[in-house]
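Working notes, beginning with the structure itself.
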Amino acid sequence: MRRTSLAGLIAFPGLVCAVGAFLLASSVLRAEDIGPPTGEAETIPPPKAAETQDEAIKLAKEVDLPAIAKANRVVITRFFDGDEVLPEPEEITVGALATLKQIREALIVEKTEPSSGENKYELTFYLDDKPIREIWVYDNGEWGLTLNQGPDWTLGRNQKLADFIQGLFEVAEKPPTSESVGELDLDDENDDAD
């Protein structure tokens, strides 16, 4: 599996995703970048199975999205490139709080008629080193919570979610350039020394 990391905040001018925001990327997110466990992950309740879509939507609003809001990174797995199945799934890790917030805000919960399809993306949200929730996303932006028991109900559909995630993979595939990262000022003469 090919793995890439988008941990920090490097804006790529001119590359605007469907949500109208600049995409962000940076260096590899290592275990030491996350810091020591806070112990807070142990207080997050595990996901619960729901018998109906309405019950699943209620749980998502009351329990699952608040749990996801505590995440400090997300590992995103991509299974398709366009309509083509990838020979090996690809992964990126996102730890930038601004990007995590954009992903969370795109998880709009609404009663949506479930469709059929295959997961294009899986998002595993972590707090410290503990996975707290896993979300599946179809190419059309339909999404839901992945459970080990019971049905994985559709919790919403937002094409901007799928487009934003695809944009993250596109940024991860391109090495940063001086224009995308900005010129580094290493000249001490230009610094204000007061």
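A few comments on the model shown:
- Theoretical FRET efficiency, 1/(1+(r/R0)^6), r = Cβ-Cβ of LEU86 and GLU40, R0 30 Å, to 0.05: 0.30
- Cβ-Cβ FRET estimate between GLN159 and ARG104, R0 fixed at 22 Å, reported to 0.05: 0.85
- Exceedance of the 21 Å cut-off in Cα-Cα distance is limited, within the set LYS58/LYS120; LYS70/LYS174; LYS48/LYS111; LYS61/LYS101; LYS48/LYS70; LYS101/LYS130, to LYS58/LYS120; LYS70/LYS174.
- Cβ-based net charge around LEU97, under 11 Å, with every Lys or Arg adding one and every Asp or Glu removing one: +3
- Potential lengthening between GLU55 and LYS111 on full extension [0.36 nm per residue; Cα-Cα distance subtracted]: 19.1 nm
Taken together, the values in this text are just the output of simple stated rules run on the coordinates, not laboratory data. Computed from a predicted model, the values in this text were never measured in an experiment. We place every Cβ from the backbone using ideal geometry, glycine too, and count neighbours over all the protein chains shown.
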